[in-house]
Every structure is written in structure tokens, then in C-alpha cells.
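Worksheet: the structure to be examined is printed underneath.
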Amino acid sequence: MQNCPCNSGLSYQACCEPFITGAKYAPTAEALMRARYSAYAVGNIDFVVSSYDKSTRREFDTDAAKQWSQQAQWQGLEIITTSEGLATDEQGQVEFKARYSVDGKDCVLHEISEFIKRDKQWFYLDGKLPDIKQYRRDAPKLGRNDPCSCGSNKKYKKCCGLAA
């Protein structure tokens, strides 16, 4: 038995394959996210297209997705967080990191995906990149020509700045 590309620890046949082949609907938004990743990994872009919500499906570039699916070496999926998206919910979010390489270069797609349930079936609605939290200093940055903070009465560049 082959392990599922989504890193669930289950076999492909017991995990994502039933969703990709249409034998079953994904019961949760996370299960659909895993199946979408696995579909890219096994080259089943038709499933990726069909898993899009009708309101956003026309924006999907099928040819580019097929090319990406074929060129990438899929290395695994990491689910970071989920919000709602359970069998009893009508919407959900899944934050994930998809790892792959192209031409020997390792890549990571980090996304927060939005899902919606219509007629008891989950669909991918849209995705966005997570907010990047910028580092902010509590104190102003010490300049080269400022007095050194060690109290030597020398300029920073002639004192502690020499080591930097």
C-alpha cells in the first residue's frame, strides 16, 4: 500500500483516493484540502477543477495547474490550523504548507484556504497568503555616529560597533 501524498499516515486508497475518484465526498474542509493536494501530486487536475466552488472556478487556469502538477516533485502537506470546516459546518478555513520542488529548488506554498459547503459537499472557495508579521523594535535603532549605549562616551562605530 502506497502512503497518501497528504502525509496523513494512511494509505492513498484509505485516505484521499475515494474523494478524488468521486466515490465519496470529503466530510470536512481539511479532508478536501488534503484531497486537493493529493490530486496535484497524482496529476488529477480534473478533481482540482471540480473541487472549486462554481463562483470562483472560472478563475482557475487548468493548463498552468497541469504543468505545475507535472513539473513538481510533491514532498508533503502540513496542516497548520483549521477553523470550522467540520461535517456540521457550512464554511471553514484551513491554513497549510504544501512542500514541493521544481528543478531541484525546494518550495513552500503557505496559504489560508476558504471552503464552503453546498448541498452537503465541500468546495474550495479562495485562498490568501497569511499576514506576514513585521518585526518592530521597542527602542530606536542605534546609528553608527550615535553615542555608544555602553556609556564609554565614544561613538558607537568606534566602540561596541567595531564587533558588529
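Odds and ends about this structure:
- Comparison of 64, 41, 35 shows that the only residue that is in contact with a strand residue (DSSP E or B) (Cβ under 7 Å, 6 or more places away or on another chain) and either touching a residue at least 60 places away in the same chain (Cβ under 8 Å) or of a type in the set (A, V, I, L, M) (or both) is 41.
- Residue within the stretch 40-52 that is closer than 17 Å to residue 109 by Cβ, outside any strand (DSSP E or B), touching a Phe, Trp or Tyr at 6+ places or on another chain (Cβ under 6 Å) and aromatic (Phe, Trp, Tyr) present: no
- Taken over the stretch 44-61, the residue count meeting the criterion of being open to solvent by 20 Å² or more (accessible area, probe 1.4 Å), at pLDDT 95 or above and touching a strand residue (DSSP E or B) at 6+ places or on another chain (Cβ under 7 Å) is 1.
Okay, residues lined up against (1) in contact with a helix residue (DSSP H, G or I) (Cβ under 7 Å, 6 or more places away or on another chain); (2) at pLDDT below 85; (3) not in a strand (DSSP E or B):
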{"site": "100", "(1), (2), (3)": "no, no, no"}
{"site": "106", "(1), (2), (3)": "no, no, no"}
{"site": "109", "(1), (2), (3)": "no, no, no"}
{"site": "112", "(1), (2), (3)": "no, no, no"}
{"site": "117", "(1), (2), (3)": "no, no, no"}
{"site": "134", "(1), (2), (3)": "no, yes, yes"}
{"site": "142", "(1), (2), (3)": "yes, yes, yes"}
{"site": "153", "(1), (2), (3)": "no, yes, yes"}
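- Matching entry among 100, 156, 124 (being out of contact with any Phe, Trp or Tyr (no Cβ under 8 Å at 6 or more places or on another chain), aromatic (Phe, Trp, Tyr) and open to solvent by less than 90 Å² (accessible area, probe 1.4 Å)): 156
- Qualifying residue in the stretch 96-104 (condition: among the aromatic types (Phe, Trp, Tyr), in contact with an Asp or Glu (Cβ under 7 Å, 6 or more places away or on another chain), touching a residue at least 12 places away in the same chain (Cβ under 8 Å) and over 25 Å from residue 6 (Cα atoms)): no
- Single condition residue 74 does not satisfy, out of (1) open to solvent by 40 Å² or more (accessible area, probe 1.4 Å); (2) under 18 Å from residue 6 (Cβ atoms); (3) out of contact with any Pro (no Cβ under 6 Å at 6 or more places or on another chain); (4) not aliphatic (A, V, I, L, M): (3)
- Screening the candidates 26, 35 for the property of being open to solvent by less than 30 Å² (accessible area, probe 1.4 Å) and part of a loop (DSSP other than H, G, I, E, B) yields one hit, 26.
- Of all residues in the stretch 2-23, those satisfying the criterion of being of a type outside the set (S, T, N, Q), open to solvent by 60 Å² or more (accessible area, probe 1.4 Å) and farther than 18 Å from residue 74 by Cβ are 14, 23.
- Flag for residue 96 being in a strand (DSSP E or B) and in contact with a helix residue (DSSP H, G or I) (Cβ under 7 Å, 6 or more places away or on another chain): yes
- Options 74, 68: the member that is closer than 24 Å to residue 27 by Cβ, touching a helix residue (DSSP H, G or I) at 6+ places or on another chain (Cβ under 9 Å) and among the aromatic types (Phe, Trp, Tyr): 74
The values are calculated or read from the model by the stated rules, or taken from the named source; none is laboratory data. What you see is a predicted model, and the numbers here were worked out from it, not measured in a lab. Positions of Cβ are backbone-derived with ideal geometry, glycine not excepted, and every protein chain shown enters the neighbour counts. Ligands, DNA and RNA are excluded from the accessible area calculation, which covers all protein heavy atoms including side chains. Shrake-Rupley method; radii C 1.70, N 1.55, O 1.52, S 1.80 Å.
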